[in-house]
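Novice: Encoded as C-alpha coordinates, here's the structure I'll be asking about.
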Amino acid sequence: MCAHCKELRTDVLPVGGTERASGADFIVFACAAHAHRYLHLDQVWQMRQRHVAACRTCKPARPCRTGLILQQAHDAARAAASENGR
(Lines give C-alpha, C1' and ligand atoms only; values in the text may rest on other atoms or scores of the structure.)
Protein backbone atom coordinates (compact mmCIF):
# COMPACT_ATOMS: atom_id res chain seq x y z
CA MET A 1 0.00 0.00 0.00
CA CYS A 2 1.26 3.46 -0.87
CA ALA A 3 2.03 5.51 2.25
CA HIS A 4 0.76 8.66 0.53
CA CYS A 5 -2.37 7.77 -1.44
CA LYS A 6 -3.23 4.74 0.78
CA GLU A 7 -4.14 2.66 -2.29
CA LEU A 8 -3.19 -0.97 -2.74
CA ARG A 9 -0.79 -0.82 -5.68
CA THR A 10 1.56 -3.15 -7.50
CA ASP A 11 4.01 -0.39 -8.50
CA VAL A 12 5.41 0.36 -5.04
CA LEU A 13 8.98 1.12 -3.97
CA PRO A 14 10.49 0.94 -0.49
CA VAL A 15 10.89 4.53 0.70
CA GLY A 16 11.68 4.05 4.36
CA GLY A 17 11.25 1.89 7.37
CA THR A 18 10.05 2.00 10.91
CA GLU A 19 11.85 0.33 13.77
CA ARG A 20 9.80 -0.86 16.69
CA ALA A 21 10.94 -1.80 20.18
CA SER A 22 8.60 -4.78 20.24
CA GLY A 23 7.63 -6.73 17.19
CA ALA A 24 9.07 -6.75 13.74
CA ASP A 25 10.23 -3.64 11.92
CA PHE A 26 8.26 -2.77 8.83
CA ILE A 27 9.06 -1.21 5.48
CA VAL A 28 7.20 1.87 4.25
CA PHE A 29 6.26 1.80 0.55
CA ALA A 30 5.10 4.45 -1.91
CA CYS A 31 3.83 4.08 -5.46
CA ALA A 32 5.96 5.32 -8.34
CA ALA A 33 3.87 8.49 -8.59
CA HIS A 34 4.43 9.42 -4.92
CA ALA A 35 7.91 8.05 -4.10
CA HIS A 36 9.37 11.54 -4.62
CA ARG A 37 7.49 12.70 -1.53
CA TYR A 38 9.73 10.45 0.56
CA LEU A 39 12.93 10.23 -1.50
CA HIS A 40 15.03 12.92 -3.12
CA LEU A 41 15.43 12.87 -6.90
CA ASP A 42 19.04 11.69 -6.52
CA GLN A 43 17.99 8.81 -4.27
CA VAL A 44 15.46 7.58 -6.83
CA TRP A 45 18.10 7.84 -9.58
CA GLN A 46 20.63 5.89 -7.49
CA MET A 47 18.05 3.15 -6.79
CA ARG A 48 17.38 2.89 -10.52
CA GLN A 49 21.07 2.81 -11.42
CA ARG A 50 21.83 0.10 -8.82
CA HIS A 51 18.95 -1.98 -10.12
CA VAL A 52 19.92 -1.67 -13.78
CA ALA A 53 23.53 -2.57 -12.96
CA ALA A 54 22.51 -5.71 -11.06
CA CYS A 55 19.52 -6.89 -13.13
CA ARG A 56 20.30 -9.44 -15.83
CA THR A 57 17.18 -8.68 -17.89
CA CYS A 58 16.99 -4.89 -17.54
CA LYS A 59 18.02 -2.79 -20.51
CA PRO A 60 17.71 1.01 -20.80
CA ALA A 61 15.38 0.70 -23.80
CA ARG A 62 13.47 -2.32 -22.42
CA PRO A 63 13.52 -2.34 -18.62
CA CYS A 64 12.12 -5.17 -16.53
CA ARG A 65 9.06 -4.49 -14.35
CA THR A 66 11.12 -3.19 -11.43
CA GLY A 67 13.24 -1.08 -13.77
CA LEU A 68 10.09 0.39 -15.28
CA ILE A 69 8.68 1.26 -11.85
CA LEU A 70 11.98 2.91 -10.90
CA GLN A 71 12.00 4.85 -14.18
CA GLN A 72 8.41 6.03 -13.57
CA ALA A 73 9.35 7.08 -10.03
CA HIS A 74 12.36 8.99 -11.35
CA ASP A 75 10.24 10.71 -14.01
CA ALA A 76 7.68 11.75 -11.36
CA ALA A 77 10.45 13.00 -9.06
CA ARG A 78 12.05 14.99 -11.87
CA ALA A 79 8.67 16.54 -12.79
CA ALA A 80 7.97 17.46 -9.16
CA ALA A 81 11.44 18.99 -8.81
CA SER A 82 10.96 21.13 -11.92
CA GLU A 83 7.54 22.27 -10.68
CA ASN A 84 9.10 23.30 -7.37
CA GLY A 85 12.00 25.06 -9.11
CA ARG A 86 14.70 22.69 -7.79
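The values are calculated or read from the model by the stated rules, or taken from the named source; none is laboratory data. Remember, it's a predicted structure, so these values are computed and weren't measured experimentally. Quick note on the areas: whole protein, heavy atoms, side chains included, nothing else; ligands and nucleic acids left out. Shrake-Rupley method; radii C 1.70, N 1.55, O 1.52, S 1.80 Å.
Novice: Can you tell which of ARG48, ARG65, ARG56 shows the greatest fluctuation in a Gaussian network model of the chain with Cα springs below 10 Å?
Specialist: ARG56
Novice: For the range 15-86, what does the convex hull of the Cα positions come to per residue, in cubic angstrom?
Specialist: 107
Novice: GNM, the chain, Cα, under 10 Å: largest mean-square fluctuation among ALA21, ALA53, ALA61?
Specialist: Result for the chain, Cα springs under 10 Å: ALA21 fluctuates most.
Novice: With the other protein chains left in place, how much accessible area per residue, in square angstrom, belongs to the chain at a 1.4 angstrom probe?
Specialist: For the chain, the solvent-accessible area averages 69 Å² per residue.
Novice: To continue, here is another question. List the residues, sorted by chain then number, that are 5 or more residues from CYS5 or on another chain and whose placed amide H is less than 5 Å from its amide H.
Specialist: It is CYS31, by chain and number.
Novice: In terms of modelled amide H atoms, which long-range or inter-chain residues lie less than 5 Å from the amide H of CYS58?
Specialist: CYS64
Novice: Quick one: with all protein chains in place, what share of the accessible area of the chain is carbon or sulfur, to the nearest percent (1.4 Å probe)?
Specialist: About 52 percent, which is the carbon plus sulfur part of the accessible surface.
Novice: Which far-off residues, 5 or more places away or on another chain, put their amide H under 5 Å from the one on VAL28, with H placed in the peptide plane?
Specialist: Under 5 Å from the amide H of VAL28: VAL15, GLY16, GLY17, THR18.
Novice: Between CYS5 and CYS64, what is 0.36 nm times their sequence separation minus the Cα-Cα distance? Round to one decimal in nm. Mind dumping the intermediate values first?
Specialist: Details: separation 59, 0.36 × 59 = 21.24 nm, distance 2.46 nm.
Additional length available on full extension: 18.8 nm.
Novice: Averaging sequence separations of C-alpha pairs under 8 Å and six or more residues apart, then dividing by the length of the range 1-82, give the relative contact order as a whole percent.
Specialist: Once divided by the residue count of the range 1-82, the mean separation gives 29 percent.
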